Structures are given as structure tokens and as C-alpha cells.
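See structure below.
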Amino acid sequence: MVLRDSSGIIQCVVDLSKPHLKKAEEITLESSLELTGVVKKDPRAPEGIEIHVDELKIVGLAEPFPIRESAVAVDSEYLLDVRHLWLRSRRMQAVLKVRDTVFKSIHEFFRSKGYYEVQCPMFITAAVEGGATLFTVDYFGRRDVYLTQSSQFYLEALIYSLEKVYTIAPSFRAEKSRTRRHLTEFWHAEAEEAWTHLNDILHVEEELISYIVNRVLEERVDELKVLKRDISRLENIRAPFYRLTYDEALEILHDKGFYLKWGEDLGADEERALTMEFDKPVFIIGFPEQCKAFYHKNDPKRPEITLSADLLAPEGYGEIIGGGERIEKADELIEKIRRFGLDPKDYEWYIDLRRYGSVPHSGFGLGVDRLVMWICGLSHIREAVPFPRDIRRIYP
Ligand code: ATP
Ligand code: MG
């Protein structure tokens with residue numbers, strides 16, 4: 001029989017002719033055991049070693065297990081229904097270990113660079129990324145509040161105290177279309193830094209991604225092999241990354257048969273076409289004002305574009321980070337809020353941050369689940385998360 005714990009699997013040999021081991025015949029798939037025995041080298045065993053069992057205790061005899069690994073496609077709806085059990089598969093075990101290393105290395109990176117970790121509220125009253133994807137919560141029948149789409153505004157408040165801050169927290173977005181890269185609840189690693197301009201923050205982003213990928217390669221090569229990931233693709237991920245302007249991206253897309261008008265945002269198809277050939281992530285810099293939320297600072301030299309950038313992962317994966325420089329002056333912010341058809345009254349405290357000693361500052365948000373999806377080479381973001389939530393799924 002094959003035994004699994006969190007460290008991996010090992011083949012066990014049980015001599016059924018020994019009376020006290022005869023009960024091994026009853027053991028069903030996924031039963032839990034305690035056993036003692038002798039570890040022996042055996043080149044025929046899958047892991048090169050096996051255990052010759054001396055003593056055996058059945059702790060939890062399993063009912064017939066509903067999943068047979070070989071019988072189902074890895075992204076099937078069925079496996080999502082039984083995700084609470086499918087988490088035990090070698091495949092999920094590998095993804096979850098890579099995910100662990102990714103979260104750990106985000107903390108390592110920011111702490112080693114002098115950022116403070118902060119915590120922001122999940123209940124909020126004003127939209128960060130626009131009203132269309134807000135989840136509304138009835139707050140004691142007194143008023144509606146929303147679940148946060150991003151901690152950015154709170155991080156901006158905190159830089160006046162701590163200068164360099166980051167947080168890793170869930171963000172909630174009522175994404176109505178089902179895509180391979182959108183969840184309704186995802187993990188968001190966000191950073192905000194005082195006294196920085198667009199280029200400074202891009203540098204932080206590429207250093208962060210390089211660091212994470214490198215840590216995964218140090219710790220999780222075995223898991224990447226289980227996932228059949230082409231590891232050579234990850235070995236190449238080192239800063240600096242490529243930089244394209246939005247205008248250049250449009251031209252490349254045009255040559256590939258995508259006829260976007262200037263001012264239109266890149267969708268998943270465009271991002272896939274753009275990044276398919278790249279061997280490293282690529283920044284798309286300087287999106288038109290209408291593509292980005294109101295808080296992005298417009299380029300003083302070319303006011304129709306913003307000092308913003310998305311970072312797209314290669315091999316067709318597309319956007320993993322959105323970020324840029326924020327508006328610094330109160331009057332400029334109020335004017336832009338109005339231009340976007342919003343009411344400055346809804347953003348009073350956010351505007352206050354510009355009234356009392358404003359500083360240039362920039363920040364970004366990394367979608368951690370998307371990063372795990374790319375690093376693991378998965379075809380759907382749901383595979384990167386233990387308990388995914390999307391428009392149709394909130395169980396288990
Ligand atoms: P997209 O255009 O793909 O919807 P976005 O422009 O809405 O992304 P941002 O608001 O910039 O994304 O959020 C920052 C990052 O958070 C994105 O780069 C992405 O990695 C991640 N992200 C955004 N929405 C989702 C989602 N619904 N599910 C998972 N990750 C997400
Ligand atoms: Mg979006």
C-alpha cells in the first residue's frame with residue numbers, strides 16, 4: 001500500500017501471513033493509519049525506499065472514496081464539488097506548497113526592504129475600482145456598505161505614518177463574467193510607498209516578482225515537477241523585465257490582427273497574444289485616462305495618458321499587477337473625480353490626504369492567485385486556490 005503524509009508518499013510492504021497484520025486487508029483508500037516498521041532501500045519502489053511494516057493500527061477506516069485520480073479531468077466541475085477531498089491529491093498538495101512559498105516570500109521581500117505590514121478594513125463605504133463589481137452588505141439595516149475591492153486608499157493614508165507599507169488581504173469583486181483568471185474573492189498583495197514616482201514602483205514590482213520566482217525554484221522544484229511545469233521558463237525570470245508603452249502594445253497587437261482603438265483597454269485575448277512570445281514579464285506603461293480608475297496621476301507631459309502600468313506574465317498568462325503613481329494635489333483629484341462622474345463628497349477622507357502635507361507616492365496591487373496560476377502553469381485560476389469562489393460557486 002501507499003502511505004501519504006504532508007511530506008509526500010511512500011510505499012509500504014505488509015506481510016499478510018503475520019496474524020497481527022491481517023487487518024491490513026480491510027484498509028480502504030484514504031483510511032488513516034499509524035504504523036511502525038523498517039525503512040529499506042528498494043530501487044523498484046516509486047520513491048526508491050519503502051517501509052516494511054512491523055506494527056499497524058487503523059485510526060480511521062474510510063468509506064468508499066468518491067474520487068479516483070485517474071478517472072477525472074483535473075479542471076472538471078466534479079472535482080470542484082468535492083474540493084474538500086480533492087485537496088488531498090498530489091496535484092493540489094503541490095499547488096498548495098508552491099502557494100505557501102509564494103505568500104511567505106512576499107512577506108520576506110517586503111520586510112527585507114523596510115516596508116511595514118499593515119491591515120486594512122474589509123467593510124468599506126466608497127468604491128476603489130468602480131461600482132460595477134461591488135458586493136453590497138446590509139449593515140445592521142442602517143445602511144449598505146461594501147466589501148473591499150482593494151486596500152489601496154487605506155494604504156495611501158498609512159504612508160503618512162509609515163512611508164512604506166504593504167498588506168496581503170482578500171479583495172472582493174462581483175465579476176459577472178466567468179473567465180479563467182477572475183475570482184469573486186481573491187488574495188491581493190498591495191504596497192504603497194511615499195516619495196516614489198512611476199519608475200521607482202516598477203522597479204519594486206520586478207524585484208518582487210523575481211524574488212518570489214527564485215524562492216519557488218529554491219524550495220519547490222519537486223512540486224513543479226509533479227505539476228509538469230517547464231522549469232526552464234521560470235529560471236529566466238530575472239529583473240529587469242520588458243517595458244512597452246501602451247501605444248507600442250497597440251501597434252504590436254495591430255500586426256497580430258487585433259484592431260483596438262486608442263483608448264480601449266486590453267482584454268484577456270489581447271494580453272494573451274501580446275505575452276505569448278515573451279520569455280519574461282512585460283510592463284505596459286501609460287494607459288489612456290479612460291482605461292484606469294480616477295486616482296491615477298495624469299502624465300503632465302501628455303495629459304491624455306496616466307502614469308500607470310500593468311505587469312503581464314509571459315506565456316499568455318497576462319495581467320498579474322496593476323499599479324502606478326497617484327494624484328498628489330487635492331484640486332487635481334477633485335477635478336478628476338468630477339470628470340469621472342463621481343461625487344467628491346464620497347471621497348472626503350481620501351481627498352484630505354492631499355490637503356495636509358501631500359507627497360508624491362505610488363503603489364501597486366498583485367493578484368497572488370494569478371501569480372500562483374502562472375508559476376504553476378495552471379490553466380484556470382480555480383486550480384490555484386484551495387476553495388475558489390466565482391459567480392456560480394460558493395461550495396464547499
Ligand atoms: P482585470 O483587467 O484582469 O480584471 P484589473 O485591472 O481589474 O484586472 P486591478 O484592479 O489592477 O485589476 O487589480 C490588481 C490585480 O489584482 C490584477 O493585476 C490581478 O492580478 C488581480 N485581480 C483583479 N481582479 C481579480 C479577480 N477578479 N480575480 C483574481 N485576481 C484579480
Ligand atoms: Mg477587473
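Across the chain, Cα pairs under 8 Å and at least six residues apart give a relative contact order of 16 percent. Of all alpha-carbon pairs in region 1-127, indicate the percentage at a distance above 24 angstrom. Percent of Cα pairs beyond 24 Å in region 1-127: 53. Between V2 and V137, the contour length at 0.36 nm per residue exceeds the alpha carbon distance by 43.9 nm.
So which of K41/K225; K228/K280; K176/K225; K256/K336; K176/K280; K164/K297 end up more than 28 Å apart, counting from Cα to Cα? Checking Cα-Cα distances, K176/K225; K256/K336; K176/K280 exceed 28 Å. Surface listing: M122, M276, M1, M373 arranged by accessible area from highest to lowest gives M276, M1, M122, M373, probe 1.4 Å. Adding -39500 (n - 2.57) for every DSSP H run of four residues or longer, then dividing by how many residues the chain holds, sets the calculated 222 nm ellipticity at -9000 deg cm²/dmol. In region 257-396, the alpha-carbon atoms span a convex hull of 168 Å³ per residue.
A simple packing score, the average count of other Cβ atoms within 10 Å per residue, orders the peptides 294-303, 311-320, 357-366 as 311-320, 357-366, 294-303, with the highest score first. Cross-link reach is defined here as a Cα-Cα straight distance under 18 Å, omitting same-chain residues fewer than 8 places apart; for K23 the lysines meeting it are K57.
With all pairs of different C-alpha atoms in the average, the Kirkwood value for the hydrodynamic radius of region 1-45 is 12.0 Å. Note on S379 and S177: their simple-model spin labels are 2.1 nm apart, each label 7 Å out from Cα toward Cβ. Between L96 and E264, the simple label model (points 7 Å from Cα in the Cβ direction) yields a spacing of 4.3 nm. So for the chain, what percent of the C-alpha to C-alpha distances run longer than 29 Å? Pairs farther apart than 29 Å: 52 percent.
Dipole magnitude for the chain: about 720 debye, using +1 per Lys or Arg Cβ and -1 per Asp or Glu Cβ, origin at the Cα centre.
Only helices reaching 20 angstrom along their own axis (Cα) with mean Kyte-Doolittle hydropathy no lower than -0.5 count here, and for the DSSP H runs of the chain these are 90-112, 198-219.
Radius of gyration over Kirkwood radius for region 178-317, both on Cα atoms: the Rg/Rh ratio is 0.98. The E332 and M122 beta-carbon pair, evaluated with R₀ = 41 Å, returns a calculated FRET efficiency of approximately 0.90.
Maximal additional length on extending the H52-L85 stretch stands at 9.1 nm, based on 0.36 nm per residue less the C-alpha distance.
Compared with the alpha-carbon gap, the fully stretched path from S76 to E219 is longer by 48.6 nm at 0.36 nm per residue.
Of interest is the spacing of the C-alpha centroids, which for region 331-396 and region 199-254 amounts to 21 Å.
Of the residues P64, H107, S89, the one whose Cα sits farthest towards the positive end of the charge dipole of region 54-116 is H107 (charges of +1 on Lys and Arg Cβ, -1 on Asp and Glu Cβ, taken about the Cα centre). Computed from Cα atoms alone, the Kirkwood hydrodynamic radius reported for region 264-339 is 13.2 Å. The order of C291, C376 by accessible area, most exposed first and with a 1.4 Å probe, is C291, C376. Applying a DSSP loop filter and a limit of 10 other Cβ atoms within 10 Å to the trypsin sites (Lys or Arg not before Pro) in region 345-376 leaves nothing. For V137, the residues 5 or more places off, or on other chains, whose built amide H falls under 5 Å of its own are V145, Y146, L147. For region 143-243, the fraction of C-alpha pairs farther apart than 21 angstrom is 56 percent.
The values are calculated or read from the model by the stated rules, or taken from the named source; none is laboratory data. Remember, it's a predicted structure, so these values are computed and weren't measured experimentally. Here the Cβ is made from the backbone with ideal geometry for all residues, glycine too, and neighbour counts use every protein chain on show. Keep in mind that these areas ignore ligands, DNA and RNA; they rest on the heavy atoms of the full protein, side chains included. Shrake-Rupley method; radii C 1.70, N 1.55, O 1.52, S 1.80 Å.
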